Every structure is written in structure tokens, then in C-alpha cells.
Amino acid sequence: MILPSIFVCFCLASAVNYFRTRRQRKFITNLKGPFSFPLTGALLKIVLLTPKNFFKRSADYLGKYGALTRCWIFDRLFIPVADLELAKQLLHSESHLETGQKLMSDWLGDSVLMCQQEHWSQRHQQIAALFKPENMLQLTKLCQQQANQLCPQLVQQAETREIFDVWQIVSGNVLDLMLATTCGVQPSVEYKKAFTELTELYRNRFLSIKSANRFTYWLASPLKRRRQRRLIKVINAENKQIVEQCRQQQQTKMPMKSEVFIIDEFVSTTPSREHQSLLDVLLEYEKLTDEQLCSELNTCNYLGYTLCSTTLCFALILIARHPAVQQRCLEELRASRSAEDGNLPSLPYLDAVLKEVLRLHPPQLIVGRQLSQDFTYTHSLVGDGILPTGAEIYINLYELQRCEQQYGKNAQHFQPERFMDHPPELLSFSLGPRSCPAQQFSLSLLKTLLAPLLLQFELLPHGDAVRPNLRLILGSQNGFLLALRQR
């Protein structure tokens, strides 16, 4: 009696699921995809996916079903995309701006990364105001100061010429730089420890069945969830004290002078600064609450720390393994340095190198969109069509930017020259109205940190090759290994 009852319930649930999704199914008949079992759909495609096998499975999936497909998981419609034609139409759309990202909502809240469509434009403008030309000059000087601190930390590695993981040094310097850019001060050591630990907790949750949603994470990992909430409280408590200090300084119109800043019995010296921080800019908008300010600071710190650190490490690895590229970068830097008295002028080849790194190894590998209304598209291969409301679209930049049809027969090879004369489309900063507002600053930051390293050290291609994995952002299973020799 039990088995027939289970069978009847399964059939009823499958029928309900089918009728709930029949409108969506009507619009996607032109798209290929894996077989969908009753009720569960293609659940195995997700269950068997891990950060380590993601790249092989995604390549196999694209080879079998194509660059524009559909995949049902229960009643959720996923649209995996590695097609430039559709990606450009979607990203340039003014009506489809919701990212659907919820994994980090406990920490990043209602920030620019996850805010609703109606709030995006205003938040984007507020953050973009930080990168005004007059402030960019001061931010570039801040990057140069951090670069001067980074090089001495690598001298010992160059003396021994031993293989080491460059992430361990680079990431800490980038975090210091991002905190100075967003907060205007250097928070406490406890803050930095909490920030890096919390980042790792979230990265380890990605593509984990235990973290499919908040309920499963609470049920399967109660201790980690408790630790995560404590770390968020530590970070936001100090953020609010920084916000209050900055607000008082703006109200009294006092210049930022060196003063003692006490947080939870930690004493930190806040140096005088000339640049305007992100917090200074956001406080000009009185409608933002303290919670919203904390969310924006956390989001910009997290994205800047993880994405810039990863890109810089990939750049060092790729340059080390391509001696001709390293030599040409060195010649360009030496010529520019002698002509410009040490300043960093336009460096077209180094810019091309960084863009080629971002093409091959986009740090934010997946760009998502959650459709709150139908999306009408045109396509040369699958024909014109409509992606229905409720569909979750995931653009795979890693595969898209390695497509031979779009980037030539050598799309898998590291060739910075492709960005010199007739540069191809680069989606690593996204496109359209929801593109990264810090694109130019990010490239300037990377160039400013990379240039003195190339001038002072020869990058040696020692150590195991990078084995990419996906933990929220693109990373490496075995770290970023290389060796240095002082010039």
C-alpha cells in the first residue's frame, strides 16, 4: 500500500510541476538541453557539479548541447549561456538588471551587487562618483604607495629563488588598498582577520549541496553558520564606528589629520590623506541608512579584494610563463619610466596584457540575470525567441571568452597583441547599464601594482601550473606558484 501511495503522490507532484511551468516550456522549444525527468528535471547535472570538475563538465555540456541551452531543476528554469550574441543583448538591456544573487545576502545585504532593479541606477551613480578625474589621480598615488610596500615583501623570496604562493602576499596588500579606498582608514587587525575568514566561509559554500539555500546550510552546518553570523557582526560593528567617525568629520568640516582612532581596545593611527574615500562619497547621500552604508562598504571591499587579487596573481603566473611577453612589458616600462620621470603614463602593451589575462581568466566567471519579465532576443543560430519570466540566466565568461568562433583559432592561447589594434569584446567587467563602475580604477590599480614588480624582479616559471577551480570567483586548487629573481 505504501509504494502505490508514493507512486500516486509522485505523479501528482509531477503533474502540478508540469502545469506550473507550461508557459515557460512553450517559449524554449527551440533550445536544446539535457533530458528532464518528471519532477526532478536534470537534477544530476547540478548535484554532481563541484568547484574542481566545473570546467570539464561545463566544456562537455557545451560540446553536447551548444552555447545557448535550457536546463530544468525541479520547477526552476536555468539558461546556461556561453554565447556572445545573446550575452550582449541581455547585458545591454535596460529592463533586465536583477542578478538573482542571494548566497551572500546575509553579509552584503541590499548593496549595489544585489539591490532591486529600481535602485540600481542610483547606487551605480553614487559609487561611480568616487572615480571622478580629480580623485582618480589621488587614488592612483595611493596605489603607488601600496606598490612600494609590496616590493620589499618579495625581496626575500627573490634572494632564495624558492617557489612560493604569491597569493599569500598579494592578497593582503590588495585588501589594505581596498580598505583605504573605501573606508579612508585602516581598520583593526581583528577586522581584517574576520573579513578574510568570512570570505573563505562563503567561497567554500559555493557549489555545495549543504549550501543550496539558507535552510539547508542552517541544518547541515550549524556551527559554521553561527561563526559566519559572528564574523558579520564584528565587521559591521567596526564599519558603523568608521561611518560615525567620518560623519562627524564631515559635519565639523575638519581636515583629515593624523589622529588616534580607538575601536574595541585597538588603537590605530589614521594618517592624513588627500583622496576622497567611497564612504565620503556615500555620506553625501543622506537617504542611505547605516545598514546600507555597511552593505556597500562590504560589497566593494569584497569584490575589490577577491577580484583584483585573483587577476594580479593570474597576471604574474601568465607573464612568468611567457618570457617574450615579460621582456616586451619590461622594455615598455623602462622606456616610459625614462621619459616620464618614474610616473606611469599610457602603457598600451601592459594594458593589453591585463585585458588578455581578464579574457582568459575572468575572476567573476559567472554573470547572472533573473528575469522578472519576458526577454525577447534575436539569434543567428537558434532563431528569434523569448526567454520567459522566472528564467535564471547564467553567462559563463570562461567558456564564452575562449570561443574560437569569436576570438579566433588561438582563442585558448595567451596573446596580448589581440588587444592592441582591433581589440575584441571583453565581458569581464560586464557590459551595459550594470557594468562595473570601477573598471578604469581596477585596471589602473592592477597596472600600478604590476609595473614595479616587473621592473624590480624577473618572474620565473617555476612550480606547478595553475589548476583552476570555481569558488564564487575563479581560483586555483594548488595556489599561484612561481619564483622570483631580482634584476
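Observations on the structure shown:
- The set of residues from region 227-258 being modelled with pLDDT under 50 and surrounded by 14 or more Cβ atoms within 10 Å (Cβ to Cβ) comprises just one member, MET256.
- Among the residues examined, LEU113 qualifies as open to solvent by 10 Å² or more (accessible area, probe 1.4 Å) and not charged (D, E, K, R).
- Selection status of GLN440, without any contact (Cβ under 8 Å) to a residue 60 or more places away in the chain and open to solvent by 30 Å² or more (accessible area, probe 1.4 Å): no
- Checked against (1) over 25 Å from PHE27 (Cα atoms); (2) among the charged types (D, E, K, R); (3) touching a strand residue (DSSP E or B) at 6+ places or on another chain (Cβ under 9 Å), ASP374 passes all but a single condition, namely (1).
- Verdict on SER188 being open to solvent by less than 30 Å² (accessible area, probe 1.4 Å), of a type in the set (Ser, Thr, Tyr) and within 23 Å of LEU450 (Cα to Cα): no
Residue by residue, here is whether (1) surrounded by fewer than 17 Cβ atoms within 10 Å (Cβ to Cβ); (2) touching a helix residue (DSSP H, G or I) at 6+ places or on another chain (Cβ under 7 Å) holds:
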{"residue": "CYS11", "(1), (2)": "yes, no"}
{"residue": "PHE35", "(1), (2)": "yes, no"}
{"residue": "PRO38", "(1), (2)": "yes, yes"}
{"residue": "ILE46", "(1), (2)": "yes, no"}
{"residue": "LYS64", "(1), (2)": "yes, no"}
{"residue": "ARG70", "(1), (2)": "no, no"}
{"residue": "ASP75", "(1), (2)": "yes, yes"}
{"residue": "VAL81", "(1), (2)": "no, yes"}
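- Verdict on LEU31 being open to solvent by less than 20 Å² (accessible area, probe 1.4 Å) and not small (Gly, Ala, Ser): yes
- Of all positions in region 468-477, none carries a residue that is surrounded by 14 or more Cβ atoms within 10 Å (Cβ to Cβ) and farther than 29 Å from LYS102 by Cα.
- Residue list for region 380-411, filter: more than 22 Å from TRP72 (Cα to Cα) and without any contact (Cβ under 8 Å) to a residue 24 or more places away in the chain: GLU404, GLN405, GLY408, LYS409, ASN410, ALA411
- Counting only helices (runs of 4 or more DSSP H) that sit wholly inside region 47-122, not one has at least 3 residues that are of a type in the set (D, E, K, R) and closer than 30 Å to ARG227 by Cα.
- Single unsatisfied condition, SER121 versus (1) open to solvent by less than 20 Å² (accessible area, probe 1.4 Å); (2) under 22 Å from CYS294 (Cβ atoms): (1)
- Count - residues of region 390-435 that are open to solvent by 20 Å² or more (accessible area, probe 1.4 Å), touching an Asp or Glu at 6+ places or on another chain (Cβ under 9 Å) and of a type in the set (S, T, N, Q): 4
- Residue count for region 136-176, restricted to those that are surrounded by fewer than 18 Cβ atoms within 10 Å (Cβ to Cβ) and assigned to a strand (DSSP E or B): 1
- If you go through region 447-467 and keep only what is open to solvent by less than 50 Å² (accessible area, probe 1.4 Å) and out of contact with any Asp or Glu (no Cβ under 9 Å at 6 or more places or on another chain), you end up with THR448, LEU449, LEU450, ALA451, PRO452, LEU453, LEU454, LEU455, PHE457, LEU459, LEU460, VAL466.
- Residue within region 97-108 that is surrounded by fewer than 20 Cβ atoms within 10 Å (Cβ to Cβ), free of Cβ contacts under 8 Å to residues at least 60 places away in the same chain and more than 24 Å from the chain's Cα centre (by Cα) present: no
- Residue within region 310-325 that is open to solvent by 20 Å² or more (accessible area, probe 1.4 Å), at positive phi and within 25 Å of the chain's Cα centre (by Cα) present: no
- Residues (of a type outside the set (A, V, I, L, M), surrounded by fewer than 17 Cβ atoms within 10 Å (Cβ to Cβ) and either closer than 15 Å to ASP83 by Cβ or touching a helix residue (DSSP H, G or I) at 6+ places or on another chain (Cβ under 7 Å) (or both)) located in region 378-389: THR378, HIS379, SER380, GLY383, ASP384
- Scan region 412-428 for residues that are within 24 Å of PRO80 (Cβ to Cβ) and without any contact (Cβ under 8 Å) to a residue 60 or more places away in the chain and the total you get is 1.
- Of all the criteria given as (1) more than 30 Å from PHE35 (Cβ to Cβ); (2) open to solvent by 10 Å² or more (accessible area, probe 1.4 Å); (3) within 21 Å of the chain's Cα centre (by Cα), the one not satisfied by GLN126 is (2).
The values are calculated or read from the model by the stated rules, or taken from the named source; none is laboratory data. Because the structure is a prediction, the values reported are computed rather than measured. Glycine also receives a Cβ, built like all others from the backbone with ideal geometry; neighbour counts cover every protein chain displayed. Calculation scope for accessible area: heavy atoms of the full protein, side chains included, ligands and nucleic acids excluded. Shrake-Rupley method; radii C 1.70, N 1.55, O 1.52, S 1.80 Å.
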